[in-house]
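First up is the structure itself, then whatever we jot down about it.
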Amino acid sequence: MGRTSPWLVFGLPAAICAAWTVYAGKDVNWDQLNYHYYLPFELLAGRLGQDFFAASAQSYLNPIGYLPFYLMASHGWHSVAVAIVLAAAHSLSVGLLYLVAYTLFAHLPQRDRCMFSCIAAALGAATGVYWMTVGGSFLDPLLAPPMLAGLLLLLDDARTARRAALAGALLGAAAALKYSNAIFALALLPLAFVQSRRAGFAYVLAGAAAVALFAGPWFALLQREFGNPVFPLANAWFRSPDALPINLIGERFALSDPVALLAFPFRMATLDPSVYAENFAPDLRFAALFVTLLGLAALAAGRGTPAVGALRGADWRVLAFFAFALVLWLATSANGRYGLVVLLLAGEERSVTAPRERDVEIAADDEHRAPDRAERGALIHVADRRVGVARVPVRDGRCEAVRDVGRSQDDDPMRERVFHREQPLVDVFVVGQHDHILRRCRLDRSAKRFLGRRPSHGAVECYRAELFEQVRHAGAGDDRDERSRVLAPSERDPTHPARGLLGR
């Protein structure tokens, strides 16, 4: 995590959530009185064969996820202590939102990266549905962290089956403990297969194993008692004689037509409890995200530049998961609690699109402006009148690490900065002269992907000729001494990496 302490990333949200739940007071919601406490009691007391629909249709949901709440309450814990423990567990979502944003903003300087990540985490948590459930007995905020952790695992460029298997286990467990989370496990599946076929199968197998572990015993009990492993759900298929032969579907917030779908982001901003949540929870972020994406697309179309050029590998993965999850959530229930992961990621997406708007403007002018302005800050920041060779690793379109060796105008000794681990490298020659930053890249396929464009061969040759001409004449006139000092390292040392570039 670089300079960011994990104690701060997860400790500060835990303290805020704990303080909030104490301030908000004891949560005595209808679901808690109806089945949150009863389900674990039904399991531990062995009342499955005795009680019949004691808590309505919810009587036969998987009780495993409610065991922590039940055990704390049944052992006489103070309600404040129970709420603080649950709030600390729920707060993991905010810390994981920060880590997801930290991955997306890897191209920014460290200070900006931390700042934008904090903004993204705050925007992600800015949903009333989340704060209404923090510290309560609902499973939705308790199971959001493992799903966000699964997403975070698949954002890493290390395409290992182990990471995909762990992500699958986390999403599978979330789906087993609350069936409505199965859509998010399905939404994350394409990201695993995009990494590799092996990773995709590992994701599926680990998810199935988690479902078998956390829900298999309960399915077996229901199958033995009623002839339906998910009784009374899907009874139109299993035809248990103890319930009507229908498939129960939550239609309270269902969207009926395309007009309602288009109006949905804007209706969420109103004080209407019948839109997507049981209580008043106006949310402006979906409308802002919708308008921003339309504006970004219009800006890119007007400039003749594809908006996708401003997005990177991890951006696409988060956007793909968010889009798939949003579509499945709207198609199945549109219930705010059931789609808590979507609500948390909505603020993340809005915060990520803001820095990309400028990237689209830069990309539009990239072929017509001097390369230094279009690429400034893309690979490395170099002080004025500084020469060096930057070795920049490029992997899947993202800079993994930077090694910068150079001498400043004050004749400081050679220095080296390494931000992350080393990876396969692409050589980049960098020359700084006054306020003008010059850069010459070995433009192989990886470098082109990192720069977010595919310049024509003629443009590359023109760029090279212009750059070398400026380098050769950097010391013209009164700056000849400066030119001698700039070019001295490669002239004195025949093995200096810059010499080979200047000699071409």
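A few points about this structure:
- Unique match (being in contact with a Gly (Cβ under 9 Å, 6 or more places away or on another chain) and either closer than 30 Å to residue 35 by Cβ or open to solvent by 20 Å² or more (accessible area, probe 1.4 Å) (or both)) among 120, 101, 149, 125: 125
- Some residue of segment 94-107 being touching a strand residue (DSSP E or B) at 6+ places or on another chain (Cβ under 8 Å) and over 19 Å from residue 174 (Cα atoms): yes
- Hits in segment 104-133 (condition: under 29 Å from residue 22 (Cα atoms), assigned to a loop (DSSP other than H, G, I, E, B) and within 14 Å of the chain's Cα centre (by Cα)): 125
- Taken as a whole, the structure leaves residue 265 outside the set of residues that are open to solvent by less than 80 Å² (accessible area, probe 1.4 Å), modelled with pLDDT of 90 or more and assigned to a loop (DSSP other than H, G, I, E, B).
- Yes/no for residue 220 being under 26 Å from the mean Cα position of the chain (by Cα) and either in a helix (DSSP H, G or I) or charged (D, E, K, R) (or both): no
- Test result for residue 236, open to solvent by less than 60 Å² (accessible area, probe 1.4 Å) and either in contact with a Gly (Cβ under 6 Å, 6 or more places away or on another chain) or over 27 Å from residue 218 (Cβ atoms) (or both): no
- A single entry from 252, 163 fulfils the requirement of being assigned to a helix (DSSP H, G or I) and modelled with pLDDT under 95: 163.
- Number of the exception - residue 14 against (1) in contact (Cβ under 8 Å) with a residue 24 or more places away in the chain; (2) part of a helix (DSSP H, G or I); (3) more than 15 Å from residue 88 (Cα to Cα); (4) open to solvent by less than 50 Å² (accessible area, probe 1.4 Å): (3)
- Contact map, segment 335-358: residues that are modelled with pLDDT under 90 paired with residues that are open to solvent by 10 Å² or more (accessible area, probe 1.4 Å) and assigned to a loop (DSSP other than H, G, I, E, B), Cβ distance under 6 Å, separation 6+ or inter-chain. Pairs shown: 347/126.
- Scanning segment 198-216 for residues that are in contact with a helix residue (DSSP H, G or I) (Cβ under 7 Å, 6 or more places away or on another chain), at pLDDT below 95 and open to solvent by 60 Å² or more (accessible area, probe 1.4 Å) turns up at least one hit.
- For segment 83-102, a tally of residues being more than 21 Å from residue 70 (Cβ to Cβ) and in contact with a Ser or Thr (Cβ under 9 Å, 6 or more places away or on another chain) returns 6.
- Only residues that are open to solvent by less than 40 Å² (accessible area, probe 1.4 Å), modelled with pLDDT of 95 or more and aliphatic (A, V, I, L, M) were counted across segment 21-66, and they come to 1.
- Among the residues listed as 93, 59, the single one being part of a helix (DSSP H, G or I) and in contact with a helix residue (DSSP H, G or I) (Cβ under 6 Å, 6 or more places away or on another chain): 93
- Just one residue in the set 144, 161, 173, 120 is within 27 Å of residue 192 (Cα to Cα), in contact with a Pro (Cβ under 8 Å, 6 or more places away or on another chain) and not polar (S, T, N, Q); that residue is 173.
The values are calculated or read from the model by the stated rules, or taken from the named source; none is laboratory data. In this text the structure is predicted, and so the values were computed from the model without any measurement. Virtual Cβ from ideal backbone geometry, glycine too; neighbours counted across all protein chains shown. All accessible areas refer to the heavy atoms of the entire protein, side chains included, with ligands and DNA or RNA removed. Shrake-Rupley method; radii C 1.70, N 1.55, O 1.52, S 1.80 Å.
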